[in-house]
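The values are calculated or read from the model by the stated rules, or taken from the named source; none is laboratory data. All values reported here derive from a predicted model rather than from experimental measurement. Cβ: placed from backbone, ideal geometry, glycine included. Neighbour counts: every protein chain shown.
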Amino acid sequence: MKEKTRENVYKAFIGEAKAYFRLLAYAEKAVEEDAPQIALLFRAIAEAERVHATRHLNLIKEVVVKDTDTNLEKSFQQEKSISENEYPEFAQIAEEEGETAAALVFSQARDAESFHAKLYERAIYHMIKDKTTTYHVCQVCGYVADAKAPDKCPVCGAPKEKFKVMGE
């Protein structure tokens, strides 16, 4: 794929992915406001945006998605970079601007991302390749635990009930 088209496809993918999540948030708000039909409309269009995003990703998959070892290494590097560079900066700026809620979210995301990096690192070193495990994702901060959910999230303190099971 030629460079400009690839850039446009990637921009379209990002836009559609953002729209998907934005529309799901709109649907939640519509439910809160007792507008179930509008919520359903938002969810239906969100699903359409997910389809669009998937189609765009499929167009550039050969550029973005490599072999599993390469994907693991890239994911590890990205998680490490964002937890060590971007989120600390975002949190600091939020604190300086007095945005305590944003600073907390950025700090928790930073901590969760560093745990994600550790999971990828173990996978890179083949510590989990032939092992089947269940993952538990904290629905408050995004921390991921393997094998079993902790009684309390080590990042945000959420109780075990706030973890979503992946892999069962």
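Does residue 19 satisfy the condition of being in contact with a Cys (Cβ under 7 Å, 6 or more places away or on another chain) and surrounded by 14 or more Cβ atoms within 10 Å (Cβ to Cβ)? Quick ask: steps written out before the conclusion?
Values: in contact with a Cys (Cβ under 7 Å, 6 or more places away or on another chain): no; surrounded by 14 or more Cβ atoms within 10 Å (Cβ to Cβ): yes.
So residue 19 fails the test.
Rundown of residues vs (1) among the hydrophobic types (A, V, I, L, M, F, W, C); (2) assigned by TED's automatic domain parsing to the domain that holds residue 72; (3) closer than 22 Å to residue 76 by Cα, yes/no style:
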| site | (1), (2), (3) |
| --- | --- |
| 102 | yes, yes, no |
| 126 | no, yes, yes |
| 134 | no, yes, yes |
| 161 | no, yes, no |
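For the range 48-63, a residue qualifies if it is touching a residue at least 12 places away in the same chain (Cβ under 8 Å) and either surrounded by 15 or more Cβ atoms within 10 Å (Cβ to Cβ) or within 19 Å of the chain's Cα centre (by Cα) (or both), and the qualifying residues are 49, 50, 52, 53, 56, 57, 59, 60. Answer yes if at least one residue in the range 82-90 is hydroxyl-bearing (Ser, Thr, Tyr), under 21 Å from residue 141 (Cβ atoms), surrounded by 13 or more Cβ atoms within 10 Å (Cβ to Cβ) and modelled with pLDDT of 95 or more, and no otherwise. So far as the range 82-90 goes, yes, one or more of its residues are hydroxyl-bearing (Ser, Thr, Tyr), under 21 Å from residue 141 (Cβ atoms), surrounded by 13 or more Cβ atoms within 10 Å (Cβ to Cβ) and modelled with pLDDT of 95 or more.
Within the range 54-70, count every residue that is over 22 Å from residue 12 (Cα atoms) and in a helix (DSSP H, G or I). Explain how you work it out, then say what you get.
Initial filter on the range 54-70 (over 22 Å from residue 12 (Cα atoms)): 67-70.
Next cut, in a helix (DSSP H, G or I) only: 68-70.
Qualifying residue count for the region: 3.
If only one of 83, 114, 75, 107 is out of contact with any Asp or Glu (no Cβ under 8 Å at 6 or more places or on another chain), more than 13 Å from residue 156 (Cα to Cα), small (Gly, Ala, Ser) and in contact (Cβ under 8 Å) with a residue 12 or more places away in the chain, which one is it? Selected residue: 75, the only one of 83, 114, 75, 107 that is out of contact with any Asp or Glu (no Cβ under 8 Å at 6 or more places or on another chain), more than 13 Å from residue 156 (Cα to Cα), small (Gly, Ala, Ser) and in contact (Cβ under 8 Å) with a residue 12 or more places away in the chain.
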